[in-house]
Amino acid sequence: MLYPTPNLSAADLDVLAEVDQMRADLRYELQSVPAVWVGGLRKFLTADAVSASNSIEGFKVSTIDVEDVLAGERDVDVSEENRAETAGYARMMTYIQTLHDVDDFAYSAGFLNALHWMLQGHRHTLNKPAGQWRRGPVYVTSARTPGLVAYTAPPVDQVPVLMRELVDWLNEPSPAHPLVKAAMAHLQLVSIHPWADGNGRMSRSLQTLMIAREGVLASEFSSIEAWLGEPGNTWDYYGVLTRRGSEFRPDQDVGEWLRFNLTAYHQQAQTVRIRVERSRRVWDAASDYLRETSSEDRVVSALHDVAMAGRVRRTRYEQAEGLSTQQAQRDLRDLVRRGVLAPVGRTRARYYVAGESFPAAMLDVAQAPASLVDPYRDRG
């Protein structure tokens, strides 16, 4: 037996309608901006999701470092363990993003286990197999008191049965809104806890996959993984999961979980909208500056990265603009000579930050404070 999908209240329906409108508006806006800018934004949001979801499990790699790792940089100051976790999650996330328009797609136990292998294959052992259902009991310890058990997953002999039921539920048509079904899929999978490790990230990734399959907007713009990784939100995430009970009890009302996810969708949409607007204004300011200084138009992406992310590496600039290594190096050296950028580090580990002559207007826009609305508490 799985958790039944709760009925939506009038407030829930209003919040969901607002999420749909924000996502539709964002889709329209993204069609009218430079492709290289949208590509950079998608890479940032993917890296942000990977960084945040891994951070919930204790693997701390900043978004900018994840971006560099995904760009193929070897000289990034992260541990080998964190690099492996980042690579595994990114590999799975990249595959998930390619499935948005596959016509004959279907969920299966084999498919879910294959995703788990992408995520956890580097940790495969006899006792904790990757890509296979767990072989024994599993307990989730308390976030506040690690020595205490907060949740005991269903007995191991129930896992295959529950997962067959979940796969059937995933494949069958549903009257529920796709975002609602995606939220419920997250809860179903994390509650069954079918693997020895990696269940939280797999559950969040399943939700992201279902958002991608919805097809309204690329999953990078709708995934709530980055939102969940914010410290305060992570504690709320732990809390709402804890309040489902210490054992698997699907015969309960999980309306609180659904409202939590609708809040996450709403605030993530707000966050992305703010990021898009801020990023567009920084891009425009950079373009204006380059025209005024008779500089090469293509270095706009390098200036944009520095303003929005704090730094740029030659590799990422080279990839963004489709340049040769020599062209990218020459452009960056010229910006350093003019004081627009300042180099940090040597040879392959080098990256570039804002120099003394970096346009202040761009930094002002990039660093402007913003706030989010709570869609339930702040209703007019």
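How do the helices (runs of 4 or more DSSP H) wholly within segment 48-138 filter down when requiring 2 or more residues that are of a type in the set (V, I, T), farther than 30 Å from F248 by Cβ and assigned by TED's automatic domain parsing to the domain that holds G200: which remain? Quick ask: steps written out before the conclusion?
Working: elements: 63-70, 80-98, 109-120.
It comes to 63-70, 80-98.
Residues that are closer than 19 Å to A182 by Cα and β-branched (V, I, T) do occur in segment 86-95, at least one of them. Checked against the criterion of being farther than 16 Å from D65 by Cβ and either among the hydroxyl-bearing types (S, T, Y) or not in a helix (DSSP H, G or I) (or both), the candidates A320, A342 yield just one match: A342. Apart from one condition, A264 fits all of (1) touching a Gly at 6+ places or on another chain (Cβ under 8 Å); (2) more than 28 Å from Q329 (Cα to Cα); the exception is (1). For segment 139-155, a residue qualifies if it is among the aliphatic types (A, V, I, L, M), farther than 23 Å from S223 by Cβ and in a loop (DSSP other than H, G, I, E, B), and the qualifying residues are L148, A153.
Conditions (1) in contact with a Lys or Arg (Cβ under 7 Å, 6 or more places away or on another chain); (2) free of Cβ contacts under 8 Å to residues at least 60 places away in the same chain; (3) not polar (S, T, N, Q), marked per residue:
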{"residue": "F111", "(1), (2), (3)": "no, yes, yes"}
{"residue": "A153", "(1), (2), (3)": "no, no, yes"}
{"residue": "R164", "(1), (2), (3)": "no, yes, yes"}
{"residue": "H186", "(1), (2), (3)": "yes, no, yes"}
{"residue": "A196", "(1), (2), (3)": "yes, no, yes"}
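So, in segment 107-139, how many residues would count as being over 23 Å from the mean Cα position of the chain (by Cα) and of a type in the set (A, V, I, L, M)? Number satisfying all stated conditions: 3. Among the residues of segment 241-280, the ones that are surrounded by fewer than 17 Cβ atoms within 10 Å (Cβ to Cβ), farther than 30 Å from P137 by Cβ and charged (D, E, K, R) come to 1 in all. Can you find a residue in segment 197-205 that is buried (at least 18 other Cβ atoms within 10 Å of the Cβ), part of a loop (DSSP other than H, G, I, E, B) and either touching a His at 6+ places or on another chain (Cβ under 7 Å) or not assigned by TED's automatic domain parsing to the domain that holds M22 (or both)? Among the residues of segment 197-205, at least one is buried (at least 18 other Cβ atoms within 10 Å of the Cβ), part of a loop (DSSP other than H, G, I, E, B) and either touching a His at 6+ places or on another chain (Cβ under 7 Å) or not assigned by TED's automatic domain parsing to the domain that holds M22 (or both), which makes the answer yes.
Does A150 count as modelled with pLDDT under 95, surrounded by 16 or more Cβ atoms within 10 Å (Cβ to Cβ) and either under 21 Å from the mean Cα position of the chain (by Cα) or not acidic (D, E) (or both)?
Values: modelled with pLDDT under 95: yes; surrounded by 16 or more Cβ atoms within 10 Å (Cβ to Cβ): yes; either under 21 Å from the mean Cα position of the chain (by Cα) or not acidic (D, E) (or both): yes.
Judged against the criteria, A150 is a match.
When segment 274-319 is filtered for residues that are within 18 Å of A47 (Cβ to Cβ) and among the acidic types (D, E), the ones remaining, listed by number, are D305, E318.
Test V19 against the criterion of being modelled with pLDDT under 90, of a type in the set (A, V, I, L, M) and over 13 Å from the mean Cα position of the chain (by Cα), and give yes or no. So that I can check it myself, show each step before the final result.
Values: modelled with pLDDT under 90: no; of a type in the set (A, V, I, L, M): yes; over 13 Å from the mean Cα position of the chain (by Cα): yes.
No, not satisfied.
Going through (1) buried (at least 17 other Cβ atoms within 10 Å of the Cβ); (2) touching a residue at least 60 places away in the same chain (Cβ under 8 Å); (3) not hydroxyl-bearing (S, T, Y) one by one, A106 falls short only on (1). If you check R316, R311, R298 for being within 20 Å of V38 (Cα to Cα), in contact with a strand residue (DSSP E or B) (Cβ under 7 Å, 6 or more places away or on another chain), outside the structural domain of E230 (by TED's automatic domain parsing) and not aliphatic (A, V, I, L, M), only one passes: R311.
Restricting to segment 60-83, what's the tally of residues that are over 16 Å from the mean Cα position of the chain (by Cα) and surrounded by fewer than 16 Cβ atoms within 10 Å (Cβ to Cβ)? Don't jump to the end; show me each part of the working.
Of all residues in segment 60-83, those over 16 Å from the mean Cα position of the chain (by Cα) come to 71-83.
With surrounded by fewer than 16 Cβ atoms within 10 Å (Cβ to Cβ) added as a condition, the list becomes 72, 74-75, 77, 79-81.
Looking only at that region, the number is 7.
Criterion first (outside the structural domain of V300 (by TED's automatic domain parsing), closer than 18 Å to E277 by Cα, out of contact with any Cys (no Cβ under 8 Å at 6 or more places or on another chain) and hydroxyl-bearing (S, T, Y)) does Y3 satisfy it? Criteria not met by Y3. Any residue at all in segment 160-179 that's more than 26 Å from N7 (Cα to Cα), hydroxyl-bearing (S, T, Y) and outside any helix (DSSP H, G or I)? Among the residues of segment 160-179, not one is more than 26 Å from N7 (Cα to Cα), hydroxyl-bearing (S, T, Y) and outside any helix (DSSP H, G or I), which makes the answer no.
Select from segment 1-20 the residues that are in a helix (DSSP H, G or I) and touching a helix residue (DSSP H, G or I) at 6+ places or on another chain (Cβ under 9 Å) and list them in ascending order. Even if it seems obvious, please write down each step before you answer.
First pass over segment 1-20, keeping only residues in a helix (DSSP H, G or I): 10-20.
Within segment 1-20, A11, D12, V15, L16, E18, V19, D20 qualify.
Answer yes or no as to whether A226 is in a helix (DSSP H, G or I) and at pLDDT 95 or above. No; evaluated as a whole, the condition is false for this residue. Screening E214 against (1) more than 17 Å from the chain's Cα centre (by Cα); (2) modelled with pLDDT under 95 leaves a single unmet condition, (1).
The values are calculated or read from the model by the stated rules, or taken from the named source; none is laboratory data. Here the structure is a predicted model, which means the values were calculated and not measured. Every residue, glycine as well, gets a Cβ built from its backbone with ideal geometry; the counts of neighbours run over all protein chains shown.
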